Structure formats: structure tokens, C-alpha cells
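The structure that follows is given in the form of C-alpha cells.
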Amino acid sequence: MQTAMKKLEKATVDVMRHPETCAYAGVMVMGRTTIESNIPTACTDGVNEKYGEAFVNKLSLPELRAVKVHETLHKVFKHTVRGLPYWKKNAQLANIAADYVVNDVIQNIKDKAFIKLPEDALYDPQFHEWSVRQVYDFLKKEQQEGGGGSRSKSTLDEHDDEAMQEATPEQLKKLSDEVSQALQEGAMLAGKMGIKLPR
């Protein structure tokens, strides 16, 4: 477990220092990050992150950097806060939609040697710069029309929305404000380095 944590810490430091991902550094350090033996992949509740020990150990460093950015982007986009209505309607479809959104950002990072989506990660160029709501509505319509059978139903991670469902409106707003502040500070740093954040 200690080896997995060291590997994850290295990936995290790499991501915080890279010009294309340093803007997310403030959000990246929010909450607690733990390695768990019973987590199949990774998950976030919008604040804290958990990573499966076996999952971390099997990934290459570029893949682990991608997973770290993946979890961070769920926090950046406030998926477990803004997406609560979708998780309550259809958690699996909301998970899939959220993964398509964050993986689009990762796939469009220019330094391909630095970061690489793991095999079978959900990605479709059709959803470039779409929101979770747009992807969710599209996938729901696709399902209703009997399409989408070729799409994978497995996501890169799990999204722990239970804690957010129990949170008060005041707690949700506080979390949202903290994420916005951290991202604003990161965006200023990225701007000085000439990096433009995705929409």
C-alpha cells in the first residue's frame, strides 16, 4: 500500500508541475487522498479521493497521471454538486456522462508522452466540450431509441455522491465556493504561463 501511495504522490506532483495541468493544483490538494485495498478503481465524493491499491499498481505513470487529473476534474466541474439531480435519476448514466466530459479534457492535453487515458476509458470526440447535462440527455435519448449498444457501460472510476446527497445547501455552496476559489488561483497561474483552460 505504501508503494502505491508513493507512486500516486509522484504522479500528483508531476501533474501539479506540468504547464497543461498546473491550473488544477489548488483543487488537487483539497480533501484527503487515500489508498484502499477494497476500491476496484478510484472514486471521489467531490472533496476526498480514494484509489484502489491494485489499480494504482497496474497503471503506467502516464495513465496514473490521467487518473489523478480525472478525479480532480470531477471536483473542478463540481459533478457531485451540480450533478446531483442526474445521479438521483440514473446514477450509472450520470457516471458515464461525467466520465465522457472529463476524459475529453484529458484526451485534448497536447503532451501525449506525459499523460495517457487508460485502456477502455470512456472517450468520444463527439462530446468535445459538452457539459454533463448535454451528454446525459444525449445518452438517455440514445438509450430510449434503442441505440448506444456498442458503448461501454464501465466507467474509469466510481462517484461517491451519497455524502453530497446528505449535505445541506449551505455545505454545498461552501464546497462550490472553495473549488471556485482554488480554480481561480490556478487559472491565474496558468494564465501567466500562457495556458488557456478548457471551457
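The values are calculated or read from the model by the stated rules, or taken from the named source; none is laboratory data. Nothing here was measured: the structure is a model prediction, and the numbers come from that model. Here the Cβ positions follow ideal geometry from the backbone for every residue, glycine too, while neighbour counts run over all protein chains shown. Keep in mind that these areas ignore ligands, DNA and RNA; they rest on the heavy atoms of the full protein, side chains included. Shrake-Rupley method; radii C 1.70, N 1.55, O 1.52, S 1.80 Å.
So Met5 fits all but one of (1) in a loop (DSSP other than H, G, I, E, B); (2) open to solvent by 20 Å² or more (accessible area, probe 1.4 Å); what number is the exception?
(1)
Examine region 162-171 for a residue that is modelled with pLDDT of 75 or more and more than 13 Å from the chain's Cα centre (by Cα), and state whether such a residue exists. Quick ask: steps written out before the conclusion?
As a first pass, look at region 162-171 and keep what is modelled with pLDDT of 75 or more: 170.
Those left that are additionally more than 13 Å from the chain's Cα centre (by Cα): 170.
Scanning region 162-171 turns up at least one residue that is modelled with pLDDT of 75 or more and more than 13 Å from the chain's Cα centre (by Cα).
Here's a check for you: in region 55-72, which residue that is touching a residue at least 24 places away in the same chain (Cβ under 8 Å) and among the hydrophobic types (A, V, I, L, M, F, W, C) is surrounded by the fewest Cβ atoms within 10 Å (Cβ to Cβ)?
Among residues in region 55-72 that are touching a residue at least 24 places away in the same chain (Cβ under 8 Å) and among the hydrophobic types (A, V, I, L, M, F, W, C), the one surrounded by the fewest Cβ atoms within 10 Å (Cβ to Cβ) is Leu61.
Suppose we filter region 37-81 for residues that are in a helix (DSSP H, G or I) and under 15 Å from the mean Cα position of the chain (by Cα); how many remain? Don't jump to the end; show me each part of the working.
At the first step, the residues of region 37-81 found to be in a helix (DSSP H, G or I) are 53-58, 61-76, 79-81.
Keeping just the survivors that are under 15 Å from the mean Cα position of the chain (by Cα) gives 63-76, 79-81.
So the count comes out to 17.
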